[in-house]
Amino acid sequence: MLKAGGLLLSPTDTIWGILCDASNSKAVEKVYDLKKRADSKAMVCIVSDIEMLKKHIGELPPKLDHYINDQRPTTVIYNNPIGLAQNAIAQENTIAIRIVNHHFCTPLIREFGKPLISTSANISGAPHPHKFADIDAEIISGVDHIVEIDINKINAQPSRIIKIEPSGEISLLRS
């Protein structure tokens, strides 16, 4: 389904998300359309491990070890991404990527072999869903497959977000 450009609704290591192949511009466009989101607002990618991350950002900045190895899900905004759909990349040529640590998403990405878009399963501007029951019917009907695990689990914690500045310094955008 992912190889064919489909959309998946799944729990993640943070909140419920809409997932698709981050290298497929048509799939990424479907996510923007479903969320009714301006394509000028970039979305998060998730990868299975550091090796996959390095394929898409080049060298890992030295100051990231603390954040990447932390138990708290951390999304990092990297400069000059490689090999991802152009419409997944922000106008300033950055991409937000998180190494996901989740019993379903991590093996899925590893098997798929490519990063996935992972954006909150809500219409743009609506509250983020903390459990499956919070997801709008329009989102549910707009995806190609629903992963029916952790349906009743409540996960209210979004990821921490940091940005690597052009100077190499790290800025905390959301703690």
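The values are calculated or read from the model by the stated rules, or taken from the named source; none is laboratory data. All values reported here derive from a predicted model rather than from experimental measurement. Cβ coordinates were reconstructed from backbone atoms using ideal geometry, including for glycine residues, and neighbour counts include every protein chain displayed.
If the condition is being touching a residue at least 12 places away in the same chain (Cβ under 8 Å), assigned to a loop (DSSP other than H, G, I, E, B) and under 23 Å from G113 (Cβ atoms), then the stretch 50-73 contributes G58, P73.
Contact map, the stretch 155-168: residues that are among the hydroxyl-bearing types (S, T, Y) paired with residues that are in a loop (DSSP other than H, G, I, E, B), Cβ distance under 7 Å, separation 6+ or inter-chain. Pairs shown: S159/T14; S159/P73.
What number of residues in the stretch 74-100 are surrounded by 14 or more Cβ atoms within 10 Å (Cβ to Cβ) and either part of a loop (DSSP other than H, G, I, E, B) or in contact with an Asp or Glu (Cβ under 6 Å, 6 or more places away or on another chain) (or both)?
Total meeting the criteria: 7.
Scanning the stretch 101-131 for residues that are in a helix (DSSP H, G or I) and either touching a Ser or Thr at 6+ places or on another chain (Cβ under 7 Å) or buried (at least 21 other Cβ atoms within 10 Å of the Cβ) (or both) yields C105, T106, I109, R110. Scanning the stretch 17-49 for residues that are in a loop (DSSP other than H, G, I, E, B) and touching a strand residue (DSSP E or B) at 6+ places or on another chain (Cβ under 7 Å) gives A22, A42, M43, D49. Condition check for G83 on (1) free of Cβ contacts under 8 Å to residues at least 40 places away in the same chain; (2) touching a His at 6+ places or on another chain (Cβ under 9 Å): one failure, at (1).
Exactly one residue out of L172, L116 is within 30 Å of L60 (Cβ to Cβ) and at pLDDT below 95, and it is L172.
A quick yes/no check of all residues on (1) at pLDDT below 90; (2) touching a helix residue (DSSP H, G or I) at 6+ places or on another chain (Cβ under 9 Å):
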| residue | (1), (2) |
| --- | --- |
| W16 | no, yes |
| A38 | yes, yes |
| K54 | no, no |
| N69 | yes, no |
| N101 | no, no |
| R110 | no, yes |
